[in-house]
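These notes concern the structure reproduced below.
The values are calculated or read from the model by the stated rules, or taken from the named source; none is laboratory data. Just so you know, these numbers come straight off a predicted model, no measurement behind them. Neighbour counts run over all protein chains shown; Cβ positions are idealised from the backbone, glycine included.
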Amino acid sequence: MSTSRRAVIASAAAAGLTAAAAGAAHASGASAGRANAQPPRSERFGVLADGTEVQRWILSNGGTRLKVLSYGGIVQSLELPDREGTYTNVSLGFDQLSSYVKDSPYFGALIGRYGNRIANGRFTLDGTEYQLPVNDGPNSLHGGDQGFDKRVWEVTPFTSGDDVGLTLRYSSPDGEMGYPGTLDTKVVYTLTRQGDFRIDYEATTDAPTVVNLTSHIYFNLAGEGNGSISDHWLRIAASNYTPVNPTLIPTGRITKVAGSPFDFREGKSVGRDIRIAHAQLLRGQGFDHNFVLDKGITAQPEHVATLFEPESGRRMEVATTEPGLQFYSGNFLDGTLVGSRGRVYRQGDALCLETQHFPDSPNQPGFPTTVLRPGETYRSSTVHTFSTR
Ligand code: BGC
């Protein structure tokens, strides 16, 4: 496609993707011919060193096709049609279990017990200090080196009305990866008849602890292995973000995005401002920041972000109950990993939009709390809605 045609499509799409249009968009999107549910079926994907079998679950509904591993609850493939109806996998991943075990930067995985970083792997709760194993410079990242992304989940398929899905369960023992309390975790992946991909998280504990669960899908709406996400158009409904220190721990400040490369409120291409020599972009080697969502914590998922890829016409909307969104522009992909279709992944070949509480909240009294106590239930929900333009 010529650059000018691409620009026309991008700007037309951007114009149609204002906040006002966002809610109505799905109705006018590729909803014709949806449904066509395929109840989950499983096949053997591989065997871990300890002999545990890992299953791959395959399901589809409403034009969205999903493959999920019992290992890490990993979304191994998320296939969506483009505006011509041609399907491609829009999530980075591998075709072999061994690559997920050895090399994966959390491709497609469930993240727990704590999404993103805890400074120096340390926090104090009710007067007791806990030391977590550190796995990212001086910090603990994504629940530690044997986090929920490396656990085998018990998976139960379901069909409920027009929905199909999987319930994933994992009970994390007291003290695992340094965290107090037995954490009973349930994650439900649902594909609706409209093809929405919904994730509902729940957890309970038998002792006070901290928890922050998320999903680490790397999206490239042009298809994994098809190059940079620089031309993806992104809108984030956040007037503030949390700047970070040199090891990517929030400084504790809540800073306005206005007038900075972090202003995605009107929508713009990911690449437009990424080369501005802003101190925060230098720290993250791109965008790797928590956006403070204007809607705050909500009982039901509310729209927070839109992602659009002009050439394919694929578009994704994200709605969540969470107060934060980690926008990570795939900065640390460095050309050393070979993806599921045999293509090499390089910097900026995908992006993550991780709905979450803020990084390092256990050490940041000004941030919404991530403490979970016995008798309480942690709940979080995120919905990805897909269409074409
Ligand atoms: C973090 C990045 C990290 C990436 C992969 C993201 O959620 O914010 O700093 O490199 O995950 O591990």
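What to note about this one:
- Odd one out for Gly143, checked against (1) touching a Lys or Arg at 6+ places or on another chain (Cβ under 7 Å); (2) not in a loop (DSSP other than H, G, I, E, B): (2)
- Of residues in segment 146-177 being in a helix (DSSP H, G or I) and touching a strand residue (DSSP E or B) at 6+ places or on another chain (Cβ under 6 Å), the one surrounded by the fewest Cβ atoms within 10 Å (Cβ to Cβ): Asp149
- Any chance Gln76 is modelled with pLDDT of 95 or more, under 16 Å from Leu191 (Cα atoms), out of contact with any His (no Cβ under 9 Å at 6 or more places or on another chain) and more than 16 Å from the ligand (Cβ to nearest atom): yes
- As a summary of the residue check, Gly227 satisfies the conditions (1) on the phi < 0 side of the Ramachandran plot; (2) part of a loop (DSSP other than H, G, I, E, B) except for the one numbered (1).
- Enumeration of residues in segment 79-93 that are within 15 Å of the ligand (Cβ to nearest atom) and either among the aromatic types (Phe, Trp, Tyr) or surrounded by fewer than 23 Cβ atoms within 10 Å (Cβ to Cβ) (or both): none
- Restricted to segment 102-140, and to residues there that are of a type in the set (A, V, I, L, M) and either closer than 13 Å to Asn212 by Cα or outside any helix (DSSP H, G or I) (or both), the residue that is nearest to the ligand (Cβ to nearest atom) is Ile111.
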